[in-house]
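The values are calculated or read from the model by the stated rules, or taken from the named source; none is laboratory data. Remember, predicted model here, so these are calculated numbers, not experimental data. Here the Cβ is made from the backbone with ideal geometry for all residues, glycine too, and neighbour counts use every protein chain on show.
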Amino acid sequence: MSKEASRTSSLAVASLASGVFACVPYLGVVAVGLGAGALLRIRSAEGRLSGVPFAVVGISLGAFNTLMSLAVTAALLQEDRRPPVVVPTPVVLPAPTPRAPTGGEEGQMTTLDQVTEVQVGAVRLVDVPPTKRSLELELEEQRKAAAASKEKLVLFTSAEGCRPCMSVAAVLHEAKMQGALAGVRLVRVDVNALGQDLKDLGVPTQKIPGFYLLGKDLNPVDGINGGEWDDDNADNAGPVLGSFVQGKLRKRREPFVPQVRAPRPPTPGTPRPRGTFL
């Protein structure tokens, strides 16, 4: 009689497959169980079933993956028992952001009755109030302060409610204005309140905003106004003001014409000079 061909145990095949794909936690236990069951059936089948190698490999892979799952689980449980490591978060104070000076409305002049200074990034903006008794004396003080701080003094003529003036002041904190006016002491004066004082110093007041470089006697030696650029923004005003402050603004829409300074009134108590007799 011919020997009947044996067939492969399905349990052995299933054990091998479970062992190979035992990446799912604890699927290895299934592989071990299926492999053990397959070996029992193969032995009791008296040669009608085969697949012992499959079952052995499945049991080996399943046991290995089960041990790995147990080790990972133990490590995770041990990690959970550890006290949490508290890493102190460093406190970083934000750097002060330069902001445009405001007096209720962005870029508006201050309404205080005393001289005020606001540091706008690299620019120092000084507001001279309308109640200042002597603009000339105040400008002299500002000239000394600028020299002590190694700043460049620039007179900024403006007026309350002047939209172009407020627009220029409102963009002082922007990069192009900061680069143009870095290290400048910008002294802002209201032409409506101190117009006569400005005229006495020879400072034009017809067109604002105006920017003037003053000599040692406080007379303007050079000046420009907002007509030198188009829209009053940092992209337009910044390059022009930068060249002006550095004394390099050659091409202009309107040349600067020095004003004749008004004669100073005699100081009370000073004798007047007498006429010359021949």
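Scanning region 186-211 for residues that are aliphatic (A, V, I, L, M), under 21 Å from Gly107 (Cα atoms) and part of a loop (DSSP other than H, G, I, E, B) yields one hit, Ile208. Filtering region 204-222 to residues that are farther than 15 Å from Leu137 by Cα, without any contact (Cβ under 8 Å) to a residue 60 or more places away in the chain and touching a strand residue (DSSP E or B) at 6+ places or on another chain (Cβ under 6 Å) leaves Lys207, Ile208, Pro209, Gly210, Phe211, Tyr212, Val221, Asp222. Identify the single condition in (1) at pLDDT below 65; (2) in the same structural domain as Gln196 (by TED's automatic domain parsing); (3) not aliphatic (A, V, I, L, M) that Thr97 does not satisfy, given that it satisfies every other one. Failed condition: (2).
From the set of residues in region 210-232 that are over 19 Å from Glu160 (Cα atoms) and small (Gly, Ala, Ser), which is surrounded by the most Cβ atoms within 10 Å (Cβ to Cβ)? Top of the filtered list is Gly223.
All told, Lys176 falls short of being of a type in the set (Lys, Arg), under 19 Å from Val221 (Cβ atoms) and out of contact with any Leu (no Cβ under 7 Å at 6 or more places or on another chain). Which of the residues belonging to region 152-185 are touching a strand residue (DSSP E or B) at 6+ places or on another chain (Cβ under 9 Å), more than 22 Å from Leu135 (Cα to Cα) and assigned to a loop (DSSP other than H, G, I, E, B)? Selection gives Leu172, His173, Leu181, Ala182, Gly183. Number of residues in region 139-160 that are free of Cβ contacts under 8 Å to residues at least 40 places away in the same chain and farther than 20 Å from Ala175 by Cα: the value is 7.
Listed by first and then second residue, the pairs linking a residue in region 168-195 that is more than 23 Å from Leu139 (Cα to Cα) to a residue that is in a loop (DSSP other than H, G, I, E, B) and among the basic types (Lys, Arg), with Cβ atoms under 7 Å apart and 6 or more places separating them unless they lie on different chains, are His173/Arg99.
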